[in-house]
Amino acid sequence: IITTCRHNELDADSALAATLAQLTTDSRVLREDLLGLGAEEVRTFLQVQAQSEVPAEVAEALRARTDGNPFFLQQLASFLPADPGGRAGDSWLHEVPASLRDWVRGRVSALSPSCRECIEAAAVLGREFEAATFARMTGLDDAARFAALDEARHAGLMRRDRGDGICRFRHAVVQEAVYSEL
């Protein structure tokens, strides 16, 4: 039996978290965290999509925007020119396909109005931004701001704070898609 779930779906008090905790005590159960593709894996993935050679710097630029997420890479691969890194320039590297904007729009529209406003404000600040700057920008009290960020994290749009006072979008393309809608 193989099962998958997103980390943001594992609330500490959920039935899924309790079941996983119980299963991991069984020596026959193997739990693997799936991470994004690495630099060479991204390059190979893109070369298969483009059916041509993809320069390492192009692959790295797309890996950085997507953290190696295959879904996002698939969406961005639709913009690969016939000669990635060639004479066409690199403006295509910064585009967000309509299909990806639609996906992000769907995720954001499911959020509370307060969270949507926070996500939009955060997108203006960039992929990473100081929590203090975000606090001044939104004007929300701590409880409302934390609730909005927690909701965005639960939706898979933001990352948990590492304790460094920096807030982060989960993927650069999410921030770019939200920003492009403003």
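A few notes on this one:
- Applying a threshold of 6 Å to beta carbon distances and a minimum spacing of six or more residues, or different chains, the list of pairs starting in the range 155-173 at a residue that is touching a residue at least 40 places away in the same chain (Cβ under 8 Å) and among the charged types (D, E, K, R) and ending at one that is in a loop (DSSP other than H, G, I, E, B) and open to solvent by 20 Å² or more (accessible area, probe 1.4 Å) reads R168/R159; R170/R159.
- Answer residue from the range 1-24, given it is hydroxyl-bearing (S, T, Y), modelled with pLDDT under 80 and surrounded by fewer than 12 Cβ atoms within 10 Å (Cβ to Cβ) and is farthest from the chain's Cα centre (by Cα) among those: T3
- Some residue of the range 77-84 being over 30 Å from A147 (Cα atoms), at pLDDT 80 or above and not polar (S, T, N, Q): yes
- Helices (runs of 4 or more DSSP H) wholly inside the range 25-79 containing at least 2 residues that are closer than 25 Å to E128 by Cα, in contact with a Ser or Thr (Cβ under 8 Å, 6 or more places away or on another chain) and open to solvent by less than 90 Å² (accessible area, probe 1.4 Å): 70-77
- Residues in the range 136-145 that are in a helix (DSSP H, G or I) and surrounded by 14 or more Cβ atoms within 10 Å (Cβ to Cβ): M137, T138, A144, R145.
- Test for A143: is it over 16 Å from E176 (Cα atoms), at pLDDT below 95, among the aliphatic types (A, V, I, L, M) and touching a helix residue (DSSP H, G or I) at 6+ places or on another chain (Cβ under 9 Å): no
- Residue in the range 123-130 that is out of contact with any strand residue (DSSP E or B) (no Cβ under 6 Å at 6 or more places or on another chain), surrounded by 18 or more Cβ atoms within 10 Å (Cβ to Cβ), at pLDDT 90 or above and within 18 Å of D67 (Cβ to Cβ) present: yes
The values are calculated or read from the model by the stated rules, or taken from the named source; none is laboratory data. Predicted, not measured: the structure shown is a model, and the values here were computed from it. Quick reminder, even Gly has a Cβ in these numbers, built from the backbone with ideal geometry, and neighbours come from all protein chains shown. Accessible surface is based on the protein model in full, side chains and every heavy atom, while ligands, DNA and RNA are left aside. Shrake-Rupley method; radii C 1.70, N 1.55, O 1.52, S 1.80 Å.
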